[in-house]
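To start, the structure under review is shown below, and the notes come after it.
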């Protein structure tokens, strides 16, 4: 055999060995993944794109080219769309194959924590925090599950680990305050929250818990002051980008609408709008999401878009009295009263039993000086929902405009029978008692008004000034 021929034979053998090795590696990679691929979840009819993506990812995970990449996509799709058992199987396999990737134990733990499996979630969050020490949500989530499991010393250690990385992190400071309360150490909780609020003055979680602390120490005025400051703002959970990224693969319109609400509370308007528009696109009955979108646009002062959204909602679900009421309020605020009356007429034709629409019509009629039909609409609203106090107050205000003071006071008394702490009724009855010279009754109304945090300070001060002027002394 010539030297050249021997060289060719050698190269051929080496080539075959290389192909065999490459084939073995492909088979080994395939075998490592294929055994940990869950059965394809049963998907609802109509989710065509999701079905295609799940089947493609499943086939890729069971195949020979990039099976781990396909398994990761399958994990995301299952997790994002509520197939948690299948997602857990994917994460378990990915943790075995990629032991240094912090996302897999973190996302696995997120499912377990949601299911209340706190002891199982804790070591996974701990592992994620070890692998990605600068990813603070992993440490915070570890603290949260340990706190819920009443493992307070470990929870405090996790929260302090966050504060070593970021000294003013509000959720870690809130966590330490909660640990202190769990130990019945309210003074330490107060100190933690004072630091939290000093560093993060508008953090609703810290403010709300501080109100509870003030109540514990018998300081109701301070608690009420904080709650008035918080008003209707909602506590928003910490942002967890790894979990948040799953929304990109979500085809569940309800989950997307919830995510939109959370994003809106957080002030992330772009994400809120994006998830709502996607929920509308995916839902077979999107009327409620159009209503939610209209409320979002109203809050962000995009009134033309809000009007279009409410009109879509009422067209798709003409029985939705809330959507009609929101449309009416928007038209009124824009000064389009004929359009508002028209919307009320259409809404009441579809929902003649709607308290909110009868109430709104009564308000418009009263504003236009049409008092008799206004009272009739408010009376109808009372009949439809006798426990809703606003109609009583509106009827009283109409009587006052007509100079029918005693009839108005009768309605205010009826309002208090329904809601004993209603702020407007308390103030009006107190001022009426002062005007009548009934000092003992006036003192009692003022006492009750002082206990009600929703009474405006200026209204209470006006009552006190009138009392002093009438009786020559403060109550």
Hey, any hits in region 250-269 for a residue that's outside any helix (DSSP H, G or I) and surrounded by fewer than 17 Cβ atoms within 10 Å (Cβ to Cβ)?
yes
Entirely in region 422-475, the helices (runs of 4 or more DSSP H) that have 2 or more residues that are under 42 Å from the mean Cα position of the chain (by Cα) and loosely packed, with under 13 Cβ neighbours inside 10 Å:
439-451, 457-471
Can residue 56 be described as closer than 15 Å to residue 37 by Cα, in a helix (DSSP H, G or I), modelled with pLDDT under 95 and assigned by TED's automatic domain parsing to the domain that holds residue 148?
yes
Check whether at least one residue in region 197-216 is in contact (Cβ under 8 Å) with a residue 40 or more places away in the chain and surrounded by 13 or more Cβ atoms within 10 Å (Cβ to Cβ), and report yes or no.
no
Checking residue 68 against (1) at pLDDT 95 or above; (2) part of a helix (DSSP H, G or I), which test does it fail?
(1)
Restricting to region 218-236, give me the number of residues that are surrounded by fewer than 16 Cβ atoms within 10 Å (Cβ to Cβ), modelled with pLDDT under 90 and part of a loop (DSSP other than H, G, I, E, B).
5
Is there any pair with a first residue in region 424-450 that is free of Cβ contacts under 8 Å to residues at least 24 places away in the same chain and a second that is in a helix (DSSP H, G or I) and surrounded by fewer than 16 Cβ atoms within 10 Å (Cβ to Cβ) whose Cβ atoms are under 6 Å apart and which are 6 or more apart or on different chains, and what are they?
433/441
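The values are calculated or read from the model by the stated rules, or taken from the named source; none is laboratory data. None of these values were measured; they are calculated from a predicted model. Reconstructed Cβ throughout: ideal geometry from the backbone, glycine too, with neighbour counts over all protein chains shown.
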